[in-house]
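What follows is calculated from the coordinates using simple rules that are stated; it is not laboratory data. Predicted model only: the values in this text are computed from it and were never measured. All Cβ positions, even for glycine, are placed from backbone atoms using ideal geometry, and neighbour counts span all protein chains on display.
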Amino acid sequence: MRRGAATVVAVVGEVRPGVVEAAGRARNVTLITPEDGGTAAALRALERTEGVVAPYALVPADPLQEVARQWHRTWSGAGPDGFERAAAELLDTARGRDPLPDYYIVLTSAPNAAGDTPAPHEHDFHLGVLASLRPARVASVATGTSAASDAQRVLDLLPRLGQGPWWPPVADLIASARSFFPGRLAPATATGRGEDVSRMPLS
């Protein structure tokens, strides 16, 4: 588990320019931006949150970004080689370090039936694979009409983030992603109330 006073939240998904910057101006938030892209830079940004004293540290970076991208490519017909390379890089880069934030907030334009906050769904790596493993640690926000409205929705969600077990070891998380078939997700998982997913190996 990550040490530090702040709750660390990675903001991912359909994040329009200015959203995290606007959210980062809130008095209870510190924004930690990576110096560049890639897995190593995301991990360094997360490490910098350990010195944050504000209640929340927002990080617009994700060490799982390339793993997630290659997972999508695998199920689009590219095969598992890219996913395995990304997974090996993550495991090597994160060796000896805690590679994940406390929570993920996923911004998405795909609403649920109520037209508000979208429900987890199997075709998104974070809202599918990660939410099936730790539903309390992945939340979603429906994007609005402006960066300011999206930022406010993120801020409104922060105090409502739930509690649950910490992430499994990253090697176990990757193993779950290998066998997570994005064609079918049990309804209990789709609403964040269960962990029963249909699985099929990547290779």
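Multiplying the residue separation of Ala136 and Ser149 by 0.36 nm and subtracting their alpha-carbon distance yields 2.3 nm. Backbone N atoms of the stretch 149-176 closer than 17 Å to the 7 Å Cα→Cβ label point of Asp92 belong to residues 171.
Here the stretch 7-194 is treated as a Stokes sphere of Kirkwood radius computed over C-alpha pairs; at 25 °C and 0.890 mPa s its diffusion coefficient rounds to 146 µm²/s. Along the stretch 71-84 the Karplus relation, 6.51 cos²θ - 1.76 cosθ + 1.60 evaluated at θ = phi - 60°, assigns HN-Hα couplings of 4, 4, 5, 4, 7, 9, x, 7, x, x, 4, x, 4, 5 Hz to successive residues, with x for each Gly and Pro.
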